[in-house]
Amino acid sequence: MVGVGIDGARGGWVRITYDSISLCLTISETLEELLIDGAMHFVDMPKDLGTVDHPSRECDEWMRCRLSQRKSSVFTPPIQEVLHEATYEEANERSRALVGKGISKQAWNLVPRIREFQQVKASDVYESHPEVCFSVMMGHEANHSKKTVEGQEERIELLRQYSKSSPWKWKMSNVQIDDIIDACILAVAAYEAGTSGLSLQPATSDQPVVAVPQMKKER
């Protein structure tokens, strides 16, 4: 089993693979070429969006409930009906007209990658979230922001339970350290899901879901 964690980075995507020993880094401009046959993939990007009929995603609320300190790390993505608007202004205006609520520029900046993710048809590629995966695997959310030295050390401490590899030590102008660490967390979470059990949350929803490893009480 290979676990694959993928996160968006400046101008492309960062992928980490985990095979129970090593965390290996790859950078690509396109998502499709980072996919591996037979692997379990966790991607830090929304895929299935809300709609006019169901604008709010229950999976976003589920994730925020697990992150009392880090709720802001869960962005509200645009609804599907505005995903292919040409500009932020047009998308924001149409969203307000359709559901009475606009979209943030931060969410709009994710749109090209959401569009790309929606083109992926493989059944073993799931939306996930590194902060939520950390919470599930550790039993509590991270105490520090991933942008701080303390936060990076906290997350690396989790990763050291899986591997001695340190791909975050690579210095690249287009990839931040926290992007690599996020992809590492997703990779080990995907490995756990592939070997111990996959959990799609919220479990009772027929709407968009987010993937995490099974919690101990589910196994």
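Conditions (1) free of Cβ contacts under 8 Å to residues at least 24 places away in the same chain; (2) in contact with a helix residue (DSSP H, G or I) (Cβ under 9 Å, 6 or more places away or on another chain), marked per residue:
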{"site": "Q119", "(1), (2)": "no, yes"}
{"site": "M138", "(1), (2)": "yes, yes"}
{"site": "Q152", "(1), (2)": "no, yes"}
{"site": "K164", "(1), (2)": "yes, no"}
{"site": "A189", "(1), (2)": "no, yes"}
{"site": "G194", "(1), (2)": "no, no"}
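Set side by side, the residues T76, T87 differ, and just one is farther than 27 Å from K146 by Cα and polar (S, T, N, Q), which is T87.
Residues of segment 150-180 that are of a type in the set (A, V, I, L, M, F, W, C), at pLDDT 95 or above and surrounded by fewer than 20 Cβ atoms within 10 Å (Cβ to Cβ): I156, L158. S20 meets all of the listed conditions (1) at positive phi; (2) within 14 Å of the chain's Cα centre (by Cα) but one, namely (2). Filtering segment 4-43 to residues that are closer than 19 Å to V210 by Cβ, surrounded by fewer than 24 Cβ atoms within 10 Å (Cβ to Cβ) and not hydrophobic (A, V, I, L, M, F, W, C) leaves only G8. Pairs meeting the criteria (first residue in segment 50-63 and loosely packed, with under 15 Cβ neighbours inside 10 Å, second residue among the acidic types (D, E), beta carbons under 8 Å, at least 6 apart or on different chains) are V52/E81.
The values are calculated or read from the model by the stated rules, or taken from the named source; none is laboratory data. These figures come from a predicted structure and were not determined experimentally. When we count neighbours, we look across all protein chains shown, and the Cβ atoms used for this are built from the backbone with ideal geometry, even at glycine.
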